[in-house]
1. Which residues, counting only those in region 60-82, are within 18 Å of residue 30 (Cβ to Cβ) and touching a residue at least 12 places away in the same chain (Cβ under 8 Å)?
2. Assuming residue 62 fulfils every condition listed in (1) in contact with a strand residue (DSSP E or B) (Cβ under 8 Å, 6 or more places away or on another chain); (2) exposed (fewer than 11 other Cβ atoms within 10 Å of the Cβ) apart from one, which condition is it?
3. Which of the residues spanning region 107-150 are of a type in the set (S, T, N, Q) and either touching a strand residue (DSSP E or B) at 6+ places or on another chain (Cβ under 9 Å) or in contact (Cβ under 8 Å) with a residue 60 or more places away in the chain (or both)?
4. With 57, 24 as the choices, which residue is in contact (Cβ under 8 Å) with a residue 24 or more places away in the chain and either on the phi > 0 side of the Ramachandran plot or assigned to a loop (DSSP other than H, G, I, E, B) (or both)?
5. Considering region 118-129 alone, what residues qualify as being surrounded by 12 or more Cβ atoms within 10 Å (Cβ to Cβ) and either of a type in the set (A, V, I, L, M, F, W, C) or in contact with a Phe, Trp or Tyr (Cβ under 7 Å, 6 or more places away or on another chain) (or both)?
6. Considering only residues that are out of contact with any Ser or Thr (no Cβ under 9 Å at 6 or more places or on another chain), surrounded by 10 or more Cβ atoms within 10 Å (Cβ to Cβ) and more than 16 Å from residue 112 (Cα to Cα), which ones fall in region 11-49?
7. If you go through region 101-157, how many residues are part of a loop (DSSP other than H, G, I, E, B), hydroxyl-bearing (Ser, Thr, Tyr) and closer than 11 Å to residue 90 by Cα?
Amino acid sequence: MADDFYNGVRYGDEIEISIGKYNGTAWEYELITHREGFSPDIPEDTEAVYDGLEYKGDKKIRAEKTLTLTQAMPADYGSGLFAYEDLAGLVIKEEIVPQDGSTVEVPARYYTNVNLRKVSADEVPNEGGFNITISGRYDSIVKDEPAGTESWVKTYT
């Protein structure tokens, strides 16, 4: 099933991805430039329960929520996604910015308590560029920016 958040999106560059760190008073976002991909995994967290052939309802199951960000290798090693290696308590903001200037009902959503791992690189060719990728886990997707008072928030100064 397609995610309703993407209704009306015609091109991938209409979606902007930013990573937010909390500075103690507000979220500071960095737009991921030269983004090659963003892949959130939004798994089902329920499964059907049967008693023989009779359906009894659904039960909650543990579901691992992961995401992956890919970026063209930045010219300055250590910048771009490298700056977020092994960080926790982050927010990823996914924002729809239509090319035609129109507005959307829900322009942004936030992935909360994002914990990122090490950056990995594609095979490095003899010529031309290559991509770097970072992946991690998140807790939930919300429509409103977190307040910064949540227990999972880490402060970065």
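1. Pass one, region 60-82, residues within 18 Å of residue 30 (Cβ to Cβ): 67-82.
Across region 60-82, the qualifying residues are 67, 68, 69, 70, 71, 72, 73, 74, 80, 81, 82.
2. It is condition (1) that residue 62 fails.
3. Those that are of a type in the set (S, T, N, Q) and either touching a strand residue (DSSP E or B) at 6+ places or on another chain (Cβ under 9 Å) or in contact (Cβ under 8 Å) with a residue 60 or more places away in the chain (or both): 112, 113, 115, 120, 131, 133, 135, 140.
4. 24
5. 119, 122
6. If the condition is that a residue be out of contact with any Ser or Thr (no Cβ under 9 Å at 6 or more places or on another chain), surrounded by 10 or more Cβ atoms within 10 Å (Cβ to Cβ) and more than 16 Å from residue 112 (Cα to Cα), then 12, 13, 14, 15, 16, 33, 34, 45, 46, 47, 49 are the ones that fit.
7. Of the residues in that region, 2 qualify.
FYI, it's all coordinate maths here, none of it is from the lab. The structure presented is a predicted model; accordingly, all values stated were derived computationally and were not measured. So basically every Cβ, Gly included, is an ideal-geometry build from the backbone, and we count neighbours across all protein chains shown.
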